[in-house]
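The values are calculated or read from the model by the stated rules, or taken from the named source; none is laboratory data. Note that this is a predicted model, so its numbers are computed, not measured. As a convention, Cβ positions derive from the backbone with ideal geometry for all residues, glycine included, and neighbour counts pool all protein chains shown. Side chains are part of the model used for accessible areas, which takes the heavy atoms of the whole protein and leaves out ligands, DNA and RNA. Shrake-Rupley method; radii C 1.70, N 1.55, O 1.52, S 1.80 Å.
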Amino acid sequence: MTSEAAVSNAAASTKVKLSCRNVWKIYGENPAQFFDAGNGVVDTPQALADSIANNDHIVANADVSFDVHVGEIFVIMGLSGSGKSTIVRCISRLVEPTAGAILLDGEDVLKKSDAELIDIRRHKMGMVFQSFGLMPHLNVIENIAFPLKLQGIGEQDRYTQAERVIELVGLQGRESNFPNELSGGQQQRVGIARSLAVEPEVWLLDEPFSALDPLIRKRMQDEFLRIQSVLNKSIVFITHDFQEALRVADRMAIMRDGAIVQIGRPVDLILNPVDDYVREFTRDVPWESVLSAADVAEAVDGPVSGIGRIAADTPIDSLLSYLGDNADGVAVEAADGSIIGIARAANVVKALATGSGATPAVVRK
Amino acid sequence: MEGRLDHGVYQWLAIILITLGLIAAQPHIDWLTSYPKNLIVPFADWLNAMMDWLVTHLGWLFMGVSWLLEWPIKGVRIILQALPWLVTGFLICLVAFIASGWKLMLFTLASCLYMVIIGYWSESMNTLSLVAISVPMAILFGFGLGVWAFNSRQAERVIMPMLDILQTVPAFAYLLLILMLFGFGTVVGLIASVLYSFPPMVRNTIVGLRRVPAEVIESGLMSGATARQLFWQVRVPSSKRQLLLGVNQATMASLSMVIIASIIGGTADIGWEVLSQIRKAQFGESLLAGLVIALMAMVIDRVTSGLASQSGEYENRKGSQKLRQHSLMIAVGGGLAFYALAKLVPVLEVWPREMEFSPARSMNESLTYLIVNFRKEIEMIKTVAFFFVMLPTKIGLQGSISPFTWGFELQTWHSLAYATSMTVIGAICAYRFNPYIAIFVLLFAIFFYFGLTKMPWPSLVLIYSFAAWRVGGLRLGIGTFFGLGFIVVTGIWPEAMLSVYLCSIAVIISFILGAGLGIWAAGSDTVSAILRPINDTLQTMPLFVILIPFVMIFKIGEFTALLAIIAYAIVPAIRYTEHGLRNLSEGVIEAAEMMGCTKRQMLWSVKIPLALPVMMLGLNQTIMYGIAMLVIAALVGTNGLEQVVYIGLSDGNFGVGLIAGMALAIIAMIADRMTQAWSRNRQSDLDISVT
Ligand SMILES: Nc1ncnc2c1ncn2[C@@H]1O[C@H](COP(=O)(O)OP(=O)(O)OP(=O)(O)O)[C@@H](O)[C@H]1O
Ligand SMILES: [Mg+2]
C-alpha cells in the first residue's frame, strides 16, 4: 500500500527487536502431551487449540506470532481472558511457554539459562504491571532504585540514576513517600519509573493506565508518548481501550481465545476488519478523526493539476466541508511533495462504509 | 417454619433409642458402664519403657545439650541481676517509647516501679532472662521451619499436624518428658517455652510469605532478582508485618510457658513466687506477684505489637532513622549516666528490703475478714451451683436429687413428668423451628437426667462420632470414633468425661454470658469501650494469675476451677459476637430496615442469624480457651484428665501423664474441627465468608 510508507512512524525502523514465533501456552495437567516439536509450528493451529480445550486444558496462548521493531509501539487488545497478559509473561518468561520461540535480538529467550535470564531482565527488559507491584516496604526512590540495588550498584550511583527517571515521570518531591501514601496514578508512575531505571531496550506494559481516571489517563498517555519520543524503545503495550490504542499504537494485534485474529496499523483494522470480532472493537471509534487524507486517497496515474493540495496526515473531518464544495476532490501530497493520489467525497463515503456494521438498506431501482 | 423430616432426623431418633436401650441394659451388663480393666491397652507402660530406654541410651546427648543451653541463660541472668534496676528499667522504658510512644512508656515506668517497690525485681529479671533467651530461639526455629514448609508441600504436611499437637497437648504433659531428658533446672523451662512458642511463628511465617501479592514477586523477578535476592529482599520484607505478629505471639506464648514451667521449681522466678505463695495460702502475696506477671505480659505484648503495627505504616524513613540513631545514643548515654547515678545512690541500684512496701498483710487481713463475715453467702453460692448445676450434669438428676440436696426424694412420677415435659418441648421445637433443635433438646434431657459420667460409654462414642460425621463429613466422623476409641481402650474414659463435664458447663455458661455481653456491646459503644480493656487484660494475663482471686475466695475445688475457666473463656465469646454483629453487610441491614423490622426482630431474625458463623468461631475459641484453662485449673483440684496429667508430672509417671495429655488434645481437636466445620457450613449456606 502506498499510504503505509507515508504514515508509518518515522521513529520505527525496520529492524526487528523482539519476535514471538508460534508461541503456545497451555494450562492443565499435562500440557506437553500436545506438542511433538518444541517450536510450536503446527499445520492447523485452530484445530489443535480446539482439541486441547476439549481435553480439559486451558489454551491461554495459541500459536501467537508477531514482531516488534526497534522504536515501535505494538499494542495488544482483546477481551478479558484472551491471553494478553499471558503473552507478555511468556515474553518475559514469568511463565514458561509450552511451545514456540521468543526471539530477542535474534536469540531465543527460552533457551537462556537462569543466569542469562536474570541478566536480560536486569539490562534489556522492563515491565510495568497492571496493579503496580511496588515493594510496600520501600519508599519511592528506593522502589525505583531497587533493580539497580539488585545489580549491586552502589547507593550513591543508584540514587542519582533514580533521580533522573523520577524527573522523567514527574514525581520530584515524593521521593521519600511510601507506596501506600501515593494515589493510584502516582504509584503507576513509580512502576513506570522503576522499569525505566535500568534503561531497558524492550518495554512491556500490561494495562498500565487502566486503573486511572480518564483525565489522568490522558495525561499519562501524553507523558508516555513524550518519554517514548525521547527514549525510542521497543514496546509491547496492552490495553482494553481502543481510543488509547489509537493514540499510542504504531501497529496493533487483536486477540481472541489465546490466538491473534488480526495484526496491522489501527487504520487497517478500522478499514479492513477481518471479522465481526475485530469490527466490534472499532465500532465506537470516531472514524472521521482517525482516518487521514492518505487513507482515503485514490491513486492516479500522471500529474494532477487544477485542484487543491493537502498534506497526507490531514484528518478527514477537517476536509469534509471542502470536499462537499469541490466535487473534483483534493490532491494528497506526501511529505516529500510527491502526489499520493486524489481524495474525493465518494472515497470518504466508501471508507466510512467499509467499517460500518450497519446492514445496507435495500434500494429500489 | 414447617419441620423438614429428612434422613438425618430419623437416624438421630434411632440413636436416641439405642442410647435409651443401652441405659436400660446398663444394670445388667457391667462393661457398658465401665470399660473392662483387663482389656485396657497399656500404652502408658510402653511409653515409660520407651522413655527409660531413651534416657539410658541417649541421656548423655540430651544432658550435653542441656549443659550447653545453661550458659546463655546464666549469662543473661547474671547481666540482668548485676545491672542496677534503674539502668534496666530505663532501657526497657526507652524500648517502650520507641515501640509505641509516651503512653506506653509511662505504663512501663509504672510497672517497673511497682516491681521494684513491691520487692519482686530480682524474680522478674530471672523470668525475663529466660524469656530473652527463649524468644530468639523460638523465632529463629519457627522462621526456619516456616520457610521450609513454605517451600515444600511435603514438609508442610509433616509440620502442620506437629504444630497442632504441640499447641493442644497440655504443657504439663511434656514438661515431664523434658525434665527426664534434660534434667532438672532452668533448661526445662527454656525448652518447654521454645516448644510452645515456636508454632505461632511457623504459622505466621507461612501465612506471611504466602500472602505476598503475585505482582510484587513478579516485579521482583523482572527487576532481575536472583532466587536469594527474591526471598530476602522481596518476600521477607513484604511480609514483615505478619512476621512481627508472629514474634508478638511467640513472645506471649514464651512468657506464659516460662511461668507454667516454674511449677517444676528451682528457678527463683516470679512464677515460682506466685505458686509457692498460693501453696502457703498467702493470697495477698500471690496476688501481688501475679500482678507482676500480668504487668510484664502487658508491657511485652504492647511493645511487640507496637513494633509490628509500626512497621506496617512505613512512614518517613529519614525521620525514624534519625530517631533510631538517636535512641542508640540515648540508650548508651543514658544507660551510663544512670549507672553512675545508681553507683552513687545505692537505693537506685538495689532497692533495700526495708524499703519494700507490700500491702499483702493488710490484703490478707481484709480477705480473712471478708471470708469470715460472708461465709454464709459464699457457702450458699457454692452449694447452689454445686447441687443444682454441677452435680446433675455430672451424675444426673437421677443421682443428685435427694432430700439432702434438693429437699425431696425423686419419685417415679417426677421422672415421668420430666420425660413427658421434655418430649413435649422437643415436639414443640420440632414443629415451630427445626427438628434438629428437638433432637438437641432430647439429647440434653437425657444427659441431664442420667448424668454425663453415668452414661454408657458406647452410646456416647456413638453420639459424638455420629454428630462429627453429620457436621464435618465422614473423615471427621471416623477420626472422632478412633480418637474416642483411644480414650476408651487406654482406660481413662471416666476421667475424660469428668473433664468434658467441667469444661462443657464452663463453656456453655461462658458462651451464653459472653454472647449476651457481646450483643450488648455491639449495640452500645460505651459498653464496648468498657469491655475492651478488660478483655485485653484477661487475654494477655498468664493463666496462673486468673486462678488467684477465685482461690482466695472460694478455696480449692471444682467450683473455683469452673469460675476461673469462665473468666478466661468468656473473652472470645464476647469478642467474636461483637465483631460478628458489628461487621454485617450494610445492604442487608438497610433492606431489613426498609421492610419495617422492629429493633428486636432485626436482632433476632436478621443480625444474629447472619452473625452466627462468626459467633460459632467464637464458640470454637471459647472451647479452646476453656480447655487451656482447664489444664491449669488442675492446680486447684479437679478430677478429670487434667488432674491425671498433673499427677503424672508430680509422680514422675511420664506415660500416664502423656496419655492423659493426648486424650485432652484429642477432645480439643474434635471440638475444634466440629465447630469449624459447622461455621463453614453456615457460611456456605449464607453465601458469605468470614476471615
Ligand atoms: N495460572 C493459570 N492457571 C490456569 N489458567 C490460567 C492461569 N493464568 C491464566 N490462565 C488462563 O489463561 C487465559 C488467559 O489469561 P490472561 O491473564 O492472559 O488474560 P488477559 O487477556 O490478560 O485478560 P485480562 O484482560 O482480564 O487481563 C484465561 O482464560 C485464564 O483463565
Ligand atoms: Mg491481563
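Accessible surface for A:Asp67 stands near 40 Å², nearest 10, in the context of the full protein assembly shown (1.4 Å probe). Name the lysines eligible as straight-distance cross-link partners of B:Lys555: C-alpha to C-alpha under 18 Å, and not fewer than 8 places from it in the same chain. Leaving aside lysines fewer than 8 places away in the same chain, those within reach of B:Lys555 are B:Lys280, B:Lys376, B:Lys382. Taking only the C-alpha atoms of chain A, the Rg (one decimal) and the largest Cα-Cα distance, Dmax (whole number), read 23.1, 81 Å. When trypsin sites (Lys or Arg not before Pro) are flagged only if DSSP places them in a loop and at most 16 other Cβ atoms lie within 10 Å, the longest unflagged stretch of chain B comes out as B:5-279.
For peptide A:142-155, compute the average count of partner chain beta-carbon atoms within 10 Å of each residue's beta-carbon.
Details: counts 1, 2, 0, 0, 8, 6, 2, 4, 9, 4, 1, 0, 0, 0.
Whole-number average of other-chain Cβ neighbours for A:142-155 is 3.
Structure shown: which of A:Lys84/A:Lys124; A:Lys17/A:Lys112; A:Lys124/A:Lys233; A:Lys17/A:Lys124 lie over 19 Å apart, alpha-carbon to alpha-carbon? Walk me through the numbers on the way to the answer.
Details: A:Lys84/A:Lys124 21 Å; A:Lys17/A:Lys112 17 Å; A:Lys124/A:Lys233 10 Å; A:Lys17/A:Lys124 11 Å.
Going by Cα-Cα distance, A:Lys84/A:Lys124 fall outside the 19 Å limit.
Annotation for region B:242-272 versus region B:398-463: alpha-carbon center distance of 44 Å. For region A:287-355, the pair-distance distribution built from all alpha carbon pairs, in bins 10 Å wide starting at 0, is 23, 59, 17, 0 percent. Extent of region B:159-285 along its three principal axes (Cα atoms, max minus min coordinate, largest first): 67, 33, 21 Å. State which entries of B:Lys37/B:Lys394; A:Lys149/A:Lys218; A:Lys25/A:Lys149 exceed 25 angstrom in Cα-Cα distance in the structure shown. Distance filter (> 25 Å) returns A:Lys149/A:Lys218; A:Lys25/A:Lys149.
Semi-axes of chain B's equivalent ellipsoid from the Cα gyration tensor, sqrt of 5 times each eigenvalue, largest first, rounded to whole Å?
On the way: eigenvalues 397, 204, 157 Å².
Over the Cα atoms of chain B, the ellipsoid semi-axes are 45, 32, 28 Å.
In Å², and per residue, what accessible area does the protein assembly as shown have when probed at 1.4 Å with the other protein chains present?
Numbers: 49720 Å² over 1056 residues.
On a per-residue basis, 47 Å².
Throw me the Rg/Rh for region A:115-210, computed over C-alpha atoms with Kirkwood Rh, two decimals. All intermediate terms of the calculation are to be shown ahead of the outcome.
Values: Rg = 12.4 Å, Rh = 13.2 Å.
Taking Rg over the Kirkwood Rh, I get 0.94.
At a 1.4 Å probe, what is the % contribution of carbon and sulfur to the accessible area of region A:287-355?
On the way: 1880 of 3600 Å².
In region A:287-355, the share of accessible area belonging to carbon and sulfur is 52 percent.
Both numbers refer to the Cα atoms of region A:185-282; Rg and Dmax are 14.3, 42 Å. For chain A, a Gaussian network of Cα nodes joined below 10 Å ranks A:Ala312, A:Ala49, A:Ala32 by mean-square fluctuation, and the top entry is A:Ala32.
Both numbers refer to the Cα atoms of region B:506-609; Rg and Dmax are 16.8, 55 Å. Of the three principal axes defined by the Cα atoms of region A:63-144, the extents in descending order read 40, 34, 28 Å. The alpha carbons of region B:486-686 occupy a box of 66, 38, 22 Å along the principal axes, longest dimension given first. About its Cα centre, chain A has a charge dipole of approximately 320 debye under the convention of +1 per Lys or Arg Cβ and -1 per Asp or Glu Cβ, with nothing else charged.
Ordering B:Leu47, A:Val267, B:Ala468 by the projection of their Cα atoms onto the charge dipole of the protein assembly as shown, which places +1 on the Cβ of Lys and Arg and -1 on the Cβ of Asp and Glu, puts B:Leu47 at the extreme positive end.
From the gyration tensor of the Cα coordinates in the protein assembly as shown, what semi-axes in whole Å does the equivalent ellipsoid have, largest first, with each one equal to sqrt(5λ)? Write down the numbers at each step before the final one.
Values: eigenvalues 994, 308, 152 Å².
For the protein assembly as shown, the semi-axes come out at 70, 39, 28 Å.
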